[in-house]
Amino acid sequence: MPKINQQKYLSALNFAFKLHAKQIRKGTQIPYFFHLSAVSNHVIENGGTTDEAIAGLLHDAVEDQGGEKILKLIRKKFGNKVAKIVEDCTDTKIEPKPPWFERKKRYIENLKYKEQSSLFVSLCDKTHNASCIINDHSREGKKLWKRFTANPKKIYWYYESLGKCYSKYLKGHKVLKLNYFKLIKEMKKKSNQ
């Protein structure tokens with residue numbers, strides 16, 4: 001496993017915390033920062049590098065906290081590699097965001113052009129998201145789906161399509177991919193309830 005540069009990581013942790021301090025997870029009271037730290041933990045636990053772990057912390061910064069301006073700041077503070085991964089994990093830099101289906105379809109279509117580090121961080125992100133959707137469905141039932149602009153079938157389609165791309169384009173990470181597909185199988189059941 002690669003050694004994590006803890007000083008650089010701590011700097012990114014503080015930056016991500018400040019950037020997302022007022023944001024909460026959709027339909028919950030959970031501070032958004034905890035999703036970012038969970039994604040980064042997935043990266044580290046699955047053999048990621050310092051840059052990949054930092055990108056895990058910052059993967060939603062461009063999309064949710066300022067677009068191109070934030071991307072330039074990330075590049076300046078953490079380097080080109082981190083900025084590239086974050087940019088690749090972003091489904092839009094535009095405000096207001098384009099319609100959900102349009103953004104997600106484009107994101108899926110572009111995955112085949114992404115570098116391995118970007119696919120890896122994306123998989124860690126979607127693994128955590130899928131896990132949260134399943135757990136929240138177990139707690140709340142159908143009420144969960146009201147959080148999203150897309151219906152349950154489209155959400156399942158999105159995660160299943162991502163899984164096909166990860167299988168096809170991401171090398172290695174067998175255990176992580178296996179866990180993702182278990183979640184997708186469960187999500188299919190939940191989306192039909």
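Looking at the range 116-156, which of the residues that are outside any helix (DSSP H, G or I) and surrounded by fewer than 13 Cβ atoms within 10 Å (Cβ to Cβ) is modelled with the lowest pLDDT?
Of everything passing the filter in the range 116-156, T149 is modelled with the lowest pLDDT.
Evaluate the following for K69: is it open to solvent by 50 Å² or more (accessible area, probe 1.4 Å) and among the basic types (K, R)?
On the way: open to solvent by 50 Å² or more (accessible area, probe 1.4 Å): yes; among the basic types (K, R): yes.
So K69 fits the description; yes.
Those residues that are open to solvent by less than 10 Å² (accessible area, probe 1.4 Å) and assigned to a helix (DSSP H, G or I), I need them from the range 161-172; list them, please. Passing the criteria: L162, G163, Y166.
To keep it simple, each residue is scored yes or no on (1) open to solvent by 20 Å² or more (accessible area, probe 1.4 Å); (2) free of Cβ contacts under 8 Å to residues at least 60 places away in the same chain; (3) out of contact with any helix residue (DSSP H, G or I) (no Cβ under 6 Å at 6 or more places or on another chain).
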site	(1), (2), (3)
F17	yes, yes, no
F34	yes, yes, yes
V39	no, no, no
E45	yes, yes, yes
L57	no, yes, no
K76	yes, yes, yes
K81	yes, yes, no
K84	yes, yes, yes
D91	no, yes, no
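Do the conditions hold for V175, that is, is it more than 17 Å from the chain's Cα centre (by Cα), within 19 Å of A38 (Cβ to Cβ), touching a residue at least 60 places away in the same chain (Cβ under 8 Å) and in a helix (DSSP H, G or I)? So V175 fits the description; yes.
Each row is one residue, and each column tells you yes or no for (1) aliphatic (A, V, I, L, M); (2) over 30 Å from W145 (Cβ atoms); (3) at pLDDT 95 or above.
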residue	(1), (2), (3)
S11	no, yes, yes
F15	no, yes, yes
T28	no, no, no
Y32	no, no, no
N41	no, no, yes
D51	no, yes, yes
A55	yes, no, yes
G79	no, yes, yes
T92	no, no, no
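The values are calculated or read from the model by the stated rules, or taken from the named source; none is laboratory data. Because the structure is predicted, anything quoted here is derived from the model rather than measured. Virtual Cβ from ideal backbone geometry, glycine too; neighbours counted across all protein chains shown. These area figures cover heavy atoms from the full protein model, side chains too; ligands, DNA and RNA do not enter into them. Shrake-Rupley method; radii C 1.70, N 1.55, O 1.52, S 1.80 Å.
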